[in-house]
Amino acid sequence: MAKAILLLSALCIVALANFAHCHSEVFDVEGKVYCDTCRVQFETKLSENLGGATVKLQCRNISTEAETFSVEGVTDKDGKYKLTVDGDHENDICEVTVVKSPREDCKESVSGYEKARIECSDNVGIHNAVRYANPLFFMKAESVQGCKEALDELGLFPLEF
């Protein structure tokens, strides 16, 4: 009898521990937006963080493509943003998209590079409620002075500057 009570007590403690470990399905998505001053579609030492840029996180059902979640945000002075996602979106494709640049001299987006895909589910092997998106950017119409030197330092040879 004592063993049965001990076993039952142990099971209750394990169940309680699992309940205490549960958390609501809320994720924070963090990322940054910058101005590609050299028009090379990656960050260089001449890139500038874009404070005030508008970004949108949108989740769509994989099968129906119906929108299941959407939230917009604005980057801080360092070009960083943090968006909160409610719910588990295991059956969705979630992407962060640049929407609007705050600068007239840096507002060109590049098709295929204007989005960053994010996993917003507990069932993907990530044991953290924060998801990090790849950096997003807008480009200047013309590259700035110093880009050739910046790329030469990286060992890259641009086609034209």
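So is S143 over 15 Å from the mean Cα position of the chain (by Cα), part of a loop (DSSP other than H, G, I, E, B) and buried (at least 18 other Cβ atoms within 10 Å of the Cβ) or not? I'd like the intermediate steps shown before the answer.
Working: over 15 Å from the mean Cα position of the chain (by Cα): yes; part of a loop (DSSP other than H, G, I, E, B): yes; buried (at least 18 other Cβ atoms within 10 Å of the Cβ): yes.
Considered against the rule, which asks whether it is over 15 Å from the mean Cα position of the chain (by Cα), part of a loop (DSSP other than H, G, I, E, B) and buried (at least 18 other Cβ atoms within 10 Å of the Cβ), S143 comes out as yes.
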### Message
Which residue is farthest from R39 (Cα to Cα), if the candidates are limited to the stretch 87-110 and must be open to solvent by 60 Å² or more (accessible area, probe 1.4 Å) and part of a strand (DSSP E or B)?
### Response
I93
### Query
Taking the stretch 47-86 as the region of interest, how many residues are buried (at least 18 other Cβ atoms within 10 Å of the Cβ), more than 17 Å from D28 (Cα to Cα) and hydrophobic (A, V, I, L, M, F, W, C)?
2
### Message
Being at positive phi and either at pLDDT below 90 or surrounded by fewer than 13 Cβ atoms within 10 Å (Cβ to Cβ) (or both) is the filter here; which residues of the stretch 10-43 pass it?
### Response
Q41
### Query
Looking at this structure, is G51 assigned to a loop (DSSP other than H, G, I, E, B) and under 17 Å from the mean Cα position of the chain (by Cα)?
yes
## Note on the structure
Matching residues in the stretch 106-161 (at pLDDT below 85 and either among the aromatic types (F, W, Y) or touching a helix residue (DSSP H, G or I) at 6+ places or on another chain (Cβ under 6 Å) (or both)) number 3
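The values are calculated or read from the model by the stated rules, or taken from the named source; none is laboratory data. Small disclaimer: the values here were computed from a predicted structure and weren't measured. All Cβ positions, even for glycine, are placed from backbone atoms using ideal geometry, and neighbour counts span all protein chains on display. These accessible areas exclude ligands, DNA and RNA; they are computed on the full protein's heavy atoms, side chains included. Shrake-Rupley method; radii C 1.70, N 1.55, O 1.52, S 1.80 Å.
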